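Enquirer: Structure in structure tokens, see below.
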Amino acid sequence: MRKTALITGASKGIGKELAFIFAENQCDLILTARSGDRLAQLKEQLEDGYGISVYPVVGDLSLPGAAEALFREVKDKGMEVDYLVNNAGFGDYGLFADTPWHRYEEMITLNITSLSHLMHLFIQEWKGRKRGKILNLSSTAAFQPGPMMAVYFATKAFVLSLSEAVGNELRKEGITITALCPGPTSTYFGEVSKMNASQLVKNVKIADARAVAELGFKAMMKGKPAVIQGSMNKLAPFSIRFLPRKWVTRLSAKVMQHQ
Ligand SMILES: NC(=O)c1ccc[n+]([C@@H]2O[C@H](COP(=O)([O-])OP(=O)(O)OC[C@H]3O[C@@H](n4cnc5c(N)ncnc54)[C@H](OP(=O)(O)O)[C@@H]3O)[C@@H](O)[C@H]2O)c1
């Protein structure tokens, strides 16, 4: 029997690439995002191209209660989920005090609350059957504070920490959790988050979304706790372990400053 993957934020970017990879591996899909037109187009493309079934769910996961509503919709349709990919997320470049609070409320609800709630709901169900895999989109932002994107960096640190801790709790339950930590990647993220204005994107190699998605897919299938994309991106979290945190934040502020 074919397995089913639920991917949040599947309408574009890394989530869309992951949808193609699961389809190539003959998985049925539940795809969510706010853009219904993009999801409808993707459904047609994937069903025609790979002979799988795609069930699109249009919804905004930055709203309170959205994760539970999505879980209920999946359950009401009698669908079993084997793989959960918590990919939807966004950032916002700017000073903490100058950014309207509602942006942070949406970001925290999407990047943290909905992700954690979906994990919680599916893990409770999966514990009985002793199988299931989760891929959570963290970031290289998880490894240090990020002045100018302070809340976004903190949300990704949360995702990495939560994934590793809960993955450890579940190590005898047949359920694995993988945190995928990409550096800057060519998607709509740079534009949506306004991160393209920072020195960061000028000074690092921008990764290809397909390559990032492939790395995440493979790591998830192997049940790895965390995976960092790119050799330079791997070096940074390792080397900063030996520096005082104050210096790390200053270095990060330099990288994140406006071009
Ligand atoms: N690109 C990077 O440089 C980078 C680096 C590290 C980590 N990441 C992480 O990778 C993940 C995917 O980002 P991406 O780079 O692929 O960005 P993207 O191209 O902007 O795609 C984001 C996806 O999330 C969906 N989404 C955004 N807000 C949503 C909401 N409120 N409710 C439901 N869905 C929502 C979007 O669909 P709709 O707009 O249709 O809702 C879209 O499908 C994010 O968690 C991001 O933090 C990205």
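The values are calculated or read from the model by the stated rules, or taken from the named source; none is laboratory data. Quantities reported herein were computed from a predicted structural model and do not represent experimental measurements. Positions of Cβ are generated from backbone atoms using ideal geometry, with glycine treated the same way; all protein chains shown enter the neighbour counts.
Enquirer: For the stretch 81-100, how many residues meet the condition of being under 30 Å from residue 123 (Cβ atoms), away from the ligand (no atom under 14 Å from the Cβ) and not in a strand (DSSP E or B)?
Expert: Matching residues across the stretch 81-100 total 2.
Enquirer: Oh, and also: Filter the stretch 218-259 down to the residues that are within 20 Å of residue 83 (Cα to Cα) and out of contact with any helix residue (DSSP H, G or I) (no Cβ under 8 Å at 6 or more places or on another chain) and list them by number.
Expert: Within the stretch 218-259, 218, 219, 220, 221, 222, 223, 224 qualify.
Enquirer: Output the number of residues of the stretch 75-92 satisfying the condition of being surrounded by fewer than 20 Cβ atoms within 10 Å (Cβ to Cβ) and either among the aliphatic types (A, V, I, L, M) or over 18 Å from the mean Cα position of the chain (by Cα) (or both).
Expert: 6
Enquirer: Hey, another quick one. Any residue at all in the stretch 35-51 that's out of contact with any Pro (no Cβ under 9 Å at 6 or more places or on another chain), of a type in the set (Ser, Thr, Tyr) and away from the ligand (no atom under 16 Å from the Cβ)?
Expert: Yes, the stretch 35-51 contains a residue that is out of contact with any Pro (no Cβ under 9 Å at 6 or more places or on another chain), of a type in the set (Ser, Thr, Tyr) and away from the ligand (no atom under 16 Å from the Cβ).
Enquirer: Would you confirm, using the coordinates I've provided, whether residue 5 is crowded, with 18+ Cβ neighbours inside 10 Å and more than 14 Å from the ligand (Cβ to nearest atom)? Talk me through it step by step, then tell me what you get.
Expert: Details: crowded, with 18+ Cβ neighbours inside 10 Å: yes; more than 14 Å from the ligand (Cβ to nearest atom): yes.
When the stated conditions are applied, residue 5 passes them.
Enquirer: Now a separate question. Could you tell me which residue of the stretch 52-67 is surrounded by the most Cβ atoms within 10 Å (Cβ to Cβ), considering only residues that are closer than 20 Å to residue 19 by Cβ and more than 10 Å from the ligand (Cβ to nearest atom)? Walk me through how you get there before you give the answer.
Expert: Of the residues in the stretch 52-67, the ones closer than 20 Å to residue 19 by Cβ are 52-61, 66-67.
From the residues that got through so far, the ones that are more than 10 Å from the ligand (Cβ to nearest atom) too are 52-56, 67.
On the way: 52: 20, 53: 15, 54: 21, 55: 17, 56: 20, 67: 24.
So the residue we want is 67.
Enquirer: For the stretch 212-232, how many residues meet the condition of being at pLDDT 90 or above, part of a helix (DSSP H, G or I) and either closer than 21 Å to residue 185 by Cα or among the aromatic types (Phe, Trp, Tyr) (or both)?
Expert: 9
Enquirer: Can you tell me which residue is nearest to the ligand (Cβ to nearest atom) among those in the stretch 154-165 that are out of contact with any strand residue (DSSP E or B) (no Cβ under 9 Å at 6 or more places or on another chain) and touching a residue at least 40 places away in the same chain (Cβ under 8 Å)?
Expert: 155
Enquirer: Please enumerate the residues belonging to the stretch 173-211 that are more than 15 Å from the chain's Cα centre (by Cα), in contact (Cβ under 8 Å) with a residue 24 or more places away in the chain, part of a loop (DSSP other than H, G, I, E, B) and within 11 Å of the ligand (Cβ to nearest atom).
Expert: 204
Enquirer: Which members of the stretch 153-182 meet the condition of being basic (Lys, Arg) and either under 14 Å from residue 132 (Cα atoms) or touching an Asp or Glu at 6+ places or on another chain (Cβ under 8 Å) (or both)?
Expert: Going residue by residue through the stretch 153-182, those that are basic (Lys, Arg) are 156, 171-172.
Hits for the stretch 153-182 are 171, 172.
Enquirer: Applying the selection to the stretch 28-56, what residues are within 16 Å of residue 115 (Cα to Cα) and touching a strand residue (DSSP E or B) at 6+ places or on another chain (Cβ under 6 Å)?
Expert: Those that are within 16 Å of residue 115 (Cα to Cα) and touching a strand residue (DSSP E or B) at 6+ places or on another chain (Cβ under 6 Å): 30, 31, 32.
Enquirer: Please find, within the stretch 237-252, the residue that is surrounded by the most Cβ atoms within 10 Å (Cβ to Cβ) out of those that are hydroxyl-bearing (Ser, Thr, Tyr) and within 17 Å of residue 156 (Cα to Cα).
Expert: Per the criteria, the residue is 252.
Enquirer: Mind listing just one residue for me: the one in the stretch 8-34 that is away from the ligand (no atom under 14 Å from the Cβ) and hydrophobic (A, V, I, L, M, F, W, C) and, of those, farthest from residue 187 (Cα to Cα)? Working first, answer last.
Expert: Here is the first cut: in the stretch 8-34, the residues away from the ligand (no atom under 14 Å from the Cβ) are 22-28.
Add one more test, that the residue is hydrophobic (A, V, I, L, M, F, W, C), and what stays is 22-23, 27.
Values: 22: 19, 23: 20, 27: 24 Å.
Looking at the filtered set, the residue picked out is 27.
Enquirer: Return the only residue of 189, 122 being buried (at least 17 other Cβ atoms within 10 Å of the Cβ) and modelled with pLDDT under 95.
Expert: Being buried (at least 17 other Cβ atoms within 10 Å of the Cβ) and modelled with pLDDT under 95 holds for just one of 189, 122, which is 189.
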